[in-house]
1. Around Gly141, with a cut-off of 13 angstrom between Cβ atoms, what is the net charge of the other residues, counting Lys and Arg +1 and Asp and Glu -1?
2. Can you compute the FRET efficiency between Ala19 and Asp49 using 1/(1 + (r/R0)^6), with r the Cβ-Cβ distance and R0 = 22 Å? Round to the nearest 0.05.
3. Hey, can you rank 5-11, 206-212 by average C-beta count inside 10 Å, highest first?
4. Around Gly205, which amide H atoms from residues at least 5 apart in sequence, or from another chain, sit under 5 Å from its own amide H, with H modelled in the peptide plane?
5. Arrange the peptides 46-53, 173-180 so that the one whose residues have, on average, the most other Cβ atoms within 10 Å appears first.
Amino acid sequence: MRSSIFGNLDPQHLPPAFALENGKMLRVQLPDEVLAKQGSMVAFQGQMDFNYEGSGGLGKMFKKAMTGEGASLMRVRGQGLLYLADNADDIHLFYLENEGITVNGRNLLAFQPQLGWDIQRVQGAGMAAGGLFNTTITGTGWVAVTTHGTPVLLDAARMPTFADGQSAVCWSTGLNVGVNRTMKAGALIGRGSGEAMQLSFSGQGFVLVQASEGVPVVQQRS
């Protein structure tokens, strides 16, 4: 996996489809298609069509309805330059090389359509909300994620690692991920779940954590 986060991203030796116009704006070069968060287009040059992508099949649609995870996606086709952003959040690029990354759905900005994706539940999280269902992306190609503020990169192999479910932006798919609960009544961590719990990570891999729990999730009543 290559990323400026790791210091091993050399755009001259990778496909030029994704590039940062600046730290808060992604430039996508078409004619390649791209899947992006719906509403993230801020400008484009050329001829492009924008279509709602849905949830990627009945299975993913059911998971999204049950969990609330996964940003609504749009598929963009055409030729030219597409500019994407999300609330002026910082953008970080990852180039996958026949591997996977797990992303909090609210932090997923864009990825190339040849990559596979699915919504998965963190083991031990039950039906709790607040980032405990996440999107796993696999294959070879570009992925762009956003962070609120400058993130910290944690090496889970060094020592036991824990993070709030909404602050954890993305992590290696090979990590063992679970839920750590505390019985302290005053230690309510995780605005979405309202429970005293954090995600726990162990194994060989990284966890990228942003400097915010993000906007609180508002649960809609039917």
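1. The answer is -3.
2. With a Förster radius of 22 Å, E is 0.50.
3. 206-212, 5-11
4. Counting only residues 5 or more places away or on other chains, the set is Ala156, Ala157.
5. Listed from highest to lowest mean packing, they are 173-180, 46-53.
Read-outs throughout are calculated quantities, based only on the coordinates presented, and are distinct from any laboratory measurement. Keep in mind that what you see is a predicted model, and the values were worked out from it rather than measured. Cβ atoms come from the backbone with ideal geometry, glycine included; neighbour counts cover every protein chain shown.
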